[in-house]
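Working notes, structure below.
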Amino acid sequence: MTPFASLADLHQRLGQPAVRDLAWVLLSPPLLGDAPWPQRHPLSACPWGRHPAALADWLLKLDGDCQALLDWLARSSVRRLGLYYERLWQFALHAAPGVEVLAANLPIRDNGHTLGELDLLLRDAEGVHHLELAIKFYLGPEGASGAQPADWLGPGTHDRLDIKLDHLSQHQLPMSARGEALPALAELDLTHVQAAFWLGGYLFYPWPAACRAPRGANAHHLRGRWLHRRDFAAYVAQAADGCWQPLPRGAWLASARVAPDQRWSRQRLQDWLAALPAQANAQLMVRLEAGQQRHWYEAERLFLVHDRWPLLTPAPIEP
């Protein structure tokens, strides 16, 4: 599904948070393995795909001096995770050999009314492509098999896997083929593009219950667990050794790498848990294990949700 399987753990060797996130975006597997519409890695026709070591060298060099990446990210004031994910892709595609970015977030309008945007238009050795990009985190059901995409909810429950897939197939991917898109494409001297998508993220499985993966999931998708706050102490007691702490939303992409002075003590974790409102938003937690150079590295992640989740939900969490 990705041309860079040999580099899957490269981001663990990187030190700069933004570069680690960039490497994770480019190298992590997609959520889906089977879909009734095209799924395409944006770098699939790039020479880096034939020579993964060249991509590794580029990322390692960027880790040594990441100012260009930081300057690129600073051009956008929006901090939503989904837009951060798109910006990281755009940076890589602008740098990738054999890839020409023709447009990003291209609005499609009809009589002054915006119908939507095309996330990316790019040209490579295989033609011109309209690509839709998304990063999603879905939690599986406790009381169902998990096979149905409708049973997989976002942490705020206002998003569902089946809704996202329907939106992709019925609205986002057909957008570039609609008559209303012709004027915007013509301005770029384009008459036809190939539409595809790339959906990254994690699937989180319930504990202590269990469920199967949703229909169409990639067998190698990234995964974690989710549990109610009442079960957290029991889960920690049976889990492997390590230190637990929450991850801020801006750090949800690459696996965590924490300096010794940033690692939470057990007391700090207990105080934080005690101060959480009863119906707080879902919290992404990581278990850290000691690694090289005294840093602590993510060994597993889970969503901690309030005890009435998903029946009573707070404000939406927007990826």
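Calculated FRET efficiency, Ala186 and Arg263, Cβ-Cβ r, R0 51 Å, to nearest 0.05? Intermediate results must be reported in sequence, preceding the final value.
Details: r = 55 Å, r/R0 = 1.08.
E(calc), rounded to 0.05, equals 0.40.
With r defined as the distance between the Cβ atoms of Ala147 and Ala8 and R0 fixed at 30 Å, what FRET efficiency is calculated, to the nearest 0.05?
0.65
Two decimals is fine: what is log10 I(q)/I(0) at q = 0.09 Å⁻¹ for the chain, from a Debye sum with one equal scatterer on every Cα and no solvent?
-0.50
Just grab the label-to-label distance for Gln292 and Asp231, each label 7 Å out from Cα along the Cβ direction, in nm (one decimal).
Between Gln292 and Asp231, the simple spin-label model gives 3.6 nm.
At 4 °C and 1.567 mPa s, what whole-number value in µm²/s does Stokes-Einstein give for the translational diffusion of the stretch 1-125, with Rh from the Kirkwood sum over Cα pairs?
Details: Rh = 15.7 Å.
In µm²/s, the coefficient is 82.
At R0 = 41 Å, how high is the FRET efficiency between Ala53 and Ser77 if r is their beta carbon distance? Nearest 0.05 is fine.
Details: r = 36 Å, r/R0 = 0.87.
The value I calculate is 0.70.
Is it possible to state the helix-based mean residue ellipticity at 222 nm for the chain, with each DSSP H run of 4+ residues giving -39500 (n - 2.57), the sum divided by total residues, to the nearest 500 deg cm²/dmol? What is it? Spell out each step's value before the answer.
Details: 9 runs with 80 residues, N = 319.
The helix contribution divided over the chain gives -7000 deg cm²/dmol.
Please report Ile135, Ile163, Ile108 as a ranked list, fewest other C-beta atoms within 10 angstrom at the top and most at the bottom. List each step's numbers first, then the result.
Working: Ile135 24, Ile163 14, Ile108 19.
Sorted ascending by nearby Cβ count, the order is Ile163, Ile108, Ile135.
Take the Cα atoms of the stretch 174-319, find their three principal axes, and give me the spread along each one in whole Å, biggest first.
In descending order, the Cα extents are 61, 43, 30 Å.
Subtracting the Cα-Cα distance from 0.36 nm times the residue separation, let me have the gained length for Glu126 to Arg212 in nm, one decimal. Intermediate results must be reported in sequence, preceding the final value.
On the way: separation 86, 0.36 × 86 = 30.96 nm, distance 3.60 nm.
Contour length minus the Cα-Cα distance gives 27.4 nm.
Order of Glu100, Glu86, Glu300 from fewest to most other C-beta atoms within 10 Å? Kindly include the intermediate steps, with their values, before the conclusion.
Numbers: Glu100 12, Glu86 22, Glu300 17.
Fewest to most other Cβ atoms nearby, the residues stand as Glu100, Glu300, Glu86.
A short reminder: the numbers here are calculations on the coordinates, not readings from a lab. All of these numbers come straight from a predicted model, not from anything done at the bench. Cβ: placed from backbone, ideal geometry, glycine included. Neighbour counts: every protein chain shown.
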